[in-house]
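The values are calculated or read from the model by the stated rules, or taken from the named source; none is laboratory data. As the structure is a computational prediction, the values presented were derived from the model and not from experiment. For neighbour counting, all protein chains shown are included, and Cβ atoms are generated from backbone atoms with ideal geometry for every residue, glycine included.
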Amino acid sequence: MLRWIQNFLTERTVQTRVGKHLSRKLPLEQGVPQGSALSCTLFLVFINDLPALLKCQKLLFADDIVLWESGRDRQQLIDTLQQALTTISCYARMWNLEVNHSKSVYSWFTLGRDILKEPVELRMDGKILEWDKKPKYLGVILDQKLTMCDHIQQVKETASEKLNIVKKLAGTKWGARADVLRGLYMGAVSSHMDYSLPVQVWASQTTLASLDSVQNQALRLICGTFRTTPIAAGEIMANIPPLKLRRERAVILAHERYMRLEDGCPLRSLVDNWEGRRRLKNRPCFMHVARGLVREANLPVERAALSPSGSIFPMEALGMPTIRKSLLDPVVTKQSPTTRLLQAARETIASYPAGVTTIYTDGSVRTLEGTVKAGYGAVVRLSGNPESDELSGSCQQKSSLEAELEAMFQALDWVATMVRNGTASAHDIVLFTDSVAALEAIERLDEGARRFNVGVSR
């Protein structure tokens, strides 16, 4: 792996194309290749020792660093952050990194006004940082009082502009079908409003209502209903959950993900060491909302830790199972009489040793009122266990083939979990499916089936 990365970073060149003409190649001796999935990870490894040098609160997302401190002593906050900025400047000079001063700003978050009367000079490499009243970090606009009004207003304006596309295609007697309009809304408009859902929860109900109005308008366009039609009816017809439920779901998912992180992770410490002090009754923070929703949902106190993805290296060949696409009697096909087909199936199943782990899977897809719904099911009989376990669930797949592959993967993943927990042993596994297309996709290592092959390798 080390040699592969070394080859990835060395002997790189760049050239410019103008029309049909190419410039001469120039060597690249610094930085990582742009656009590569590996580049971000390599950069994080390069600056891995920086966070420990900063004696303040910090969060890093690739090359975006945010520093903050909270307290009552204004001068102490300034001194702490100035020391951190000086540390970053020295670190950058040591490792030939360049800080973008034009994008480096500072902000105050407070309900008071006196703290803003006196000017602040925070310097970096001798340059005074500019004060940004409403900074934007990772696409979220943060106002001085953290009301989220400016951010949600921008989200509403952008969503309303994108909703015009749906308006152009909608009509009661002409235009696109309801399922097409719904897919367009979910992909172009709803996805934009769903960004930063967990941090929207501390905004006021009046502010959040402005986003609800955008979705309500979209529901009328999709379903072709009148303004007097109840909103709940439109949500049911279009199969689109209300924004309030999506926000609550995003908060619970974020909270549960943080609870399962390893000890010492900043996000894990955030939820473990949080103290429920609330100064503003009408302004709940993320943790206040999350703890309330966790109590309402009655989630378990003990959380299973996130399991590693496995040691599958890029150059390692994926596991290929032994595949048979016919019954024990190759003459019998699906056109054969039902009784003969049943007998041949039983003979095929009985041909395998009694001590193997046996899995039976199935998946299907149907379209209901313009909405594609998929589900899977599996029956598993572990080695040495006469009892069978049943698995079932819904999935986001759009075709029967994808649903069949999902059923096979979920069953195999369930068996692997039982083995890791020590509750079962599985040396030889036989999986039966009625989908020849799924078996052929696994043989070809198709993109949709590759996850199953990775599971076999693990």
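Structure notes:
- Where helices (runs of 4 or more DSSP H) sit wholly within the stretch 398-458, those with at least 3 residues that are at pLDDT 75 or above occupy 400-420, 436-444.
- Thr357 fulfils the conditions (1) among the hydroxyl-bearing types (Ser, Thr, Tyr); (2) surrounded by fewer than 16 Cβ atoms within 10 Å (Cβ to Cβ); (3) touching an Asp or Glu at 6+ places or on another chain (Cβ under 8 Å); (4) at pLDDT 85 or above except for a single criterion, (2).
- Test: residue in the stretch 7-14 that is under 28 Å from the mean Cα position of the chain (by Cα), farther than 26 Å from Glu118 by Cα and either of a type outside the set (Gly, Ala, Ser) or surrounded by 11 or more Cβ atoms within 10 Å (Cβ to Cβ) (or both): yes
- Applying a threshold of 6 Å to beta carbon distances and a minimum spacing of six or more residues, or different chains, the list of pairs starting in the stretch 146-163 at a residue that is without any contact (Cβ under 8 Å) to a residue 40 or more places away in the chain and ending at one that is surrounded by 21 or more Cβ atoms within 10 Å (Cβ to Cβ) reads Lys162/Val189.
- Residue check, Leu53 surrounded by 10 or more Cβ atoms within 10 Å (Cβ to Cβ), at pLDDT below 90 and either farther than 21 Å from Lys134 by Cβ or out of contact with any Pro (no Cβ under 8 Å at 6 or more places or on another chain) (or both): no
- Among all positions in the stretch 440-457, there is at least one residue which is among the hydroxyl-bearing types (Ser, Thr, Tyr), touching a Leu at 6+ places or on another chain (Cβ under 6 Å) and within 24 Å of Pro353 (Cβ to Cβ).
Every residue, every condition in (1) modelled with pLDDT under 90; (2) closer than 28 Å to Ala209 by Cα, yes or no:
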position	(1), (2)
Tyr91	no, no
Trp95	no, no
His101	yes, no
Tyr106	no, no
Gly112	yes, yes
Asp125	yes, no
Gln153	no, yes
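- Residue count for the stretch 328-346, restricted to those that are farther than 18 Å from Tyr360 by Cβ, of a type outside the set (S, T, N, Q) and assigned to a helix (DSSP H, G or I): 1.
Residues checked against (1) in a helix (DSSP H, G or I); (2) surrounded by fewer than 20 Cβ atoms within 10 Å (Cβ to Cβ); (3) in contact (Cβ under 8 Å) with a residue 12 or more places away in the chain:
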residue	(1), (2), (3)
His192	yes, yes, yes
Pro198	yes, yes, yes
Thr206	yes, yes, no
Ala209	yes, yes, no
Val214	yes, no, yes
Thr229	no, yes, no
Ile236	yes, yes, no
Arg246	yes, yes, yes
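- Residue within the stretch 215-223 that is at negative phi and in contact with a strand residue (DSSP E or B) (Cβ under 7 Å, 6 or more places away or on another chain) present: no
- For the stretch 70-89, the set of residues classified as under 23 Å from Ile141 (Cβ atoms) and at pLDDT below 90 consists of Ser70 only.
- Tyr352 being among the aromatic types (Phe, Trp, Tyr), farther than 30 Å from Glu235 by Cα and assigned to a strand (DSSP E or B): no
- Condition check for Lys162 on (1) buried (at least 17 other Cβ atoms within 10 Å of the Cβ); (2) more than 21 Å from Leu245 (Cβ to Cβ); (3) at pLDDT below 90: one failure, at (3).
- Among (1) exposed (fewer than 14 other Cβ atoms within 10 Å of the Cβ); (2) in a strand (DSSP E or B) - the single one Pro386 does not satisfy: (2)
- Each residue in the stretch 148-204 was checked for being of a type in the set (Phe, Trp, Tyr) and over 24 Å from Met237 (Cβ atoms), and 2 pass.
- Every test in (1) more than 30 Å from Arg260 (Cβ to Cβ); (2) at pLDDT below 85; (3) touching a Lys or Arg at 6+ places or on another chain (Cβ under 7 Å) is passed by Arg303 save one, and that test is (1).
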